[in-house]
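Right, one structure below, let's go through it.
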Amino acid sequence: MGAVTTGVPSEPDLRGFSPAARRAVALAEREARSLGHGRVGTEHLLLGLLAAEDGTADEALRTAGASLTALRRKVIEAVGPGTADGAAPGWTARAGRALGRAPRFARDAGGDLVAPDHVLLGVLDVEGTAGQVLRGLGVDLEALRSGLHGAGNEATGEAAPEPPAASRPPAVPAHCPTCHDPVAGGLQSSEVPLRGPAERRVVVVVSCPACGTVLGVV
C-alpha cells in the first residue's frame, strides 16, 4: 500500500463537489500513481486540474504558463522519482486542507457546488509543493489567485466594484451647449488647486476647446 500521512483520510470527503471537480481529484490520484508517488499532494491536484481540461481552473493555469508536460517535470524535480508499488496512494495533510477549504471558496462565490476553480483556490490557499512548482514555471501566484476570484464574480453575475467617483471621467455632452461645436475627442483640461479648511487638493476642469465653456470637473 502507498504511504498514508497520519491523521489524513485515505479518501477525501468530496460531498458537495461538482462532477468536474470530482474528476480532477480522481485524476490527481491517477497522476500520483503514474509517477510512482506514494501520496497525493497539492502538486498532484494541480496535475489533476490540468489533466481534467474542464472549467476555469485549467484555463487559468495554462494562461499563467503551466502546461501539463512542464508541470509534470517540475513535480518530479520537486518530489523526486517515484518508488511506490502502484497501489492507491494516500493524501498529504496539505492536500486534505486544500480540498477542505474549497467549499468555502464556493460559498464565497455564491455557488452551490465546488467547481475545479474552487479546488485550485484551495490549493493556492495552502500552497505547499504546488506553490513551489508553479513558481518554478514562472507563474505569478497572486495574479493567478486574483484572476480566479474575478472569474468567480463573473460566473455569479456579481458586478466588479465601481471605481471611486474621483477616478471616473466626467460625463460631457456631444456638443458644447454654448458654441455647439462637437467636443468628442477634442476636450481640453486644466488643473485647479483648491484650499479647504483641512487639506489642499487639485481638481481637473474639462472645457470646450472652442469657446472655453466648462463642461465638467473631476
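Observations on the structure shown:
- Segment 73-129 shape via C-alpha gyration tensor axes, a/c threshold 1.5: prolate
- Surface accessible to a 1.4 Å probe, His44 within the full protein complex, Å²: 0 Å²
- Under the convention that each Lys and Arg Cβ holds +1 and each Asp and Glu Cβ holds -1, the size of the dipole of segment 69-127 around its Cα centre is about 100 debye.
- Thr42 accessible area, assembled protein chains, probe 1.4 Å, Å²: 0 Å²
The values are calculated or read from the model by the stated rules, or taken from the named source; none is laboratory data. As the structure is a computational prediction, the values presented were derived from the model and not from experiment. Heads up, the Cβs are rebuilt from the backbone with ideal geometry, glycines too, and the neighbour counts pull from every protein chain shown. Only protein heavy atoms, including side chains, enter the accessible area calculation; ligands, DNA and RNA are left aside. Shrake-Rupley method; radii C 1.70, N 1.55, O 1.52, S 1.80 Å.
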